[in-house]
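Read the structure below first, then the notes.
Every number here is computed from the coordinates shown, using simple stated rules; none is lab data. Please read these numbers as outputs of a predicted model, since none were measured by experiment. FYI the Cβ positions are ideal-geometry reconstructions off the backbone, even for glycines, and counts take in every protein chain you see.
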Amino acid sequence: MSSPALHGRHLGALTGIRGIAAWLVVFYHMRLSLQALLPEWTIAALAKGYLAVDLFFILSGFVLWYNYGEKLRSGGWQAAGPFLWRRIARIWPLHLAILAAFALFVLMLALTGRSTTGYPLAELPLHVLLIQNWGFTRELSWNHPAWSISTELAAYLCFPMVVHALRWERLPLPMLLAIAAGLLGAIHLLFALNGETTLGGNIPALGLWRCLLEFTLGNIACLLWRQTSHKRHAGLLAALACTGFLCGGAALALPETAFVPAVFLCGILFLALDGGIVARTLGHGPLHYLGEISYSTYLAHFLLFILFKILFVDASLQMGWTALAGFTALLLAASVLLHHGLEKPAQAWLTRHPPHRLPPFRKALPAE
């Protein structure tokens with residue numbers, strides 16, 4: 001997901017929370033192999049780990065507006081090309097590398113006479129282009145977590161149009177709150193009309209719209225932050241709203257589509273507004289570093305877990321504490337190596353070598 005170049009204050013907390021979210025997705029995919037190890041209630045909690053993707057989408061919208069909203073506005077439409085190139089440089093190299101590793105894995109499966117179900121060759125070009133979850137497929141395949149990166153690319157394409165749609169900085173706070181409420185209602189309505197009560201339902205058909213709506217909600221969250229960051233007790237109010245939506249939704253047994261995006265919206269605002277121990281903990285040290293390497297964690301974990309099960313887990317597919325610790329250490333090490341050895345160098349090289357026809361920004365873009 002997006003890597004925030006957040007400077008000043010305590011906005012580094014938004015990086016830290018991204019690291020926690022990435023590991024929630026990891027344990028979501030691991031949960032069925034932990035049933036012999038963890039109590040049932042823990043497995044049930046881990047089964048909600050897919051909701052971390054919704055946090056990613058809203059957080060990404062916030063960060064992109066924070067880093068690029070004013071640049072795109074001041075640069076005009078000619079700034080859209082360089083912006084999109086920056087985003088492609090951010091997400092595509094690591095995605096392509098993991099996809100290539102998947103292709104080698106599938107080749108080994110085929111050569112050893114094993115099933116390659118779940119890896120349709122006809123869909124591989126869609127994955128290379130990162131458009132696999134734009135309504136072209138009926139099931140998740142290849143690197144499953146990359147479906148969200150595909151929809152994020154669509155959000156990046158739409159973002160300049162959103163920036164130029166209105167003079168957002170002139171909208172009063174009540175209007176921004178009304179737009180946020182409208183987006184929250186649209187998210188719930190989208191799923192309700194399709195007979196879904198969970199945000200993870202029917203990803204091939206609904207994942208794109210889920211991303212676009214939540215990404216735009218994140219844009220509004222940044223605008224709300226800009227208008228309230230100087231107001232006294234704004235962080236406390238955001239925390240109370242976050243708690244209220246969470247407790248209210250749970251107490252009323254509402255479908256998660258009706259309240260979870262609101263919880264994440266208010267939670268992100270709280271982290272951006274608050275200067276207390278929570279924001280400081282997330283904004284510095286190990287948790288912040290987990291956020292820095294979270295894109296590598298997110299994209300690499302699915303293939304690594306498949307390979308780890310083949311090599312080190314017996315036919316029961318259940319892991320013990322040693323196997324769990326081993327995989328966690330392996331994924332952490334792989335995330336560090338991929339982040340520093342591939343993700344960041346490739347991003348930097350592509351950023352320095354944009355297509356010649358792209359016009360430059362009138363002002364330098366922030367580093368990422």
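Across the stretch 260-273, in residue order, what do the Karplus-derived ³J(HN,Hα) couplings come to in whole Hz, using 6.51 cos²θ - 1.76 cosθ + 1.60 with θ = phi - 60° and x for Gly and Pro?
Once rounded to whole Hz, the list reads 4, x, 5, 4, 5, 4, 5, x, 5, 4, 4, 5, 6, 8.
Tell me, how many Å apart are the Cα centres for the stretch 49-79 and for the stretch 222-241?
19
Give the cross-link partners of LYS344 among the aspartates and glutamates, using a straight C-alpha distance below 18 Å as the criterion and excluding same-chain residues fewer than 8 apart.
Within the straight-line cut-off, LYS344 pairs with GLU292, GLU368.
For the stretch 62-74, what does the Karplus curve 6.51 cos²θ - 1.76 cosθ + 1.60, with θ = phi - 60°, yield as ³J(HN,Hα) per residue in whole Hz, taken in order and with x for Gly and Pro?
Listing the rounded values in order: 4, 5, 5, 5, 4, 8, 10, x, 5, 5, 5, 5, 6 Hz.
Exposure proxy check: ASP274, ASP54, ASP314 ranked by fewest other beta carbons within 10 Å?
Fewest-to-most Cβ neighbours within 10 Å comes out as ASP314, ASP274, ASP54.
Rank LYS309, LYS231, LYS71 by mean-square fluctuation in a GNM of the chain with C-alpha springs under 10 angstrom and give only the top-ranked residue.
Result for the chain, Cα springs under 10 Å: LYS231 fluctuates most.
Between ILE306 and GLU70, what FRET efficiency follows from the Cβ-Cβ distance if R0 is 51 Å, with the result rounded to 0.05?
0.75
Compute a Gaussian network model of the chain, connecting alpha carbons closer than 10 Å, and tell me which residue from TRP349, TRP142, TRP209 fluctuates the most.
Of TRP349, TRP142, TRP209, the most mobile in the Gaussian network model is TRP349.
Expressed as a whole percent, how much of the Cα-Cα distance distribution for the chain exceeds 38 Å?
16
How do SER229, SER316 rank when sorted from fewest to most other Cβ atoms within 10 Å of their own Cβ?
SER316, SER229
Please rank THR198, THR297, fewest neighbouring Cβ atoms within 10 Å first, as an exposure proxy.
THR198, THR297
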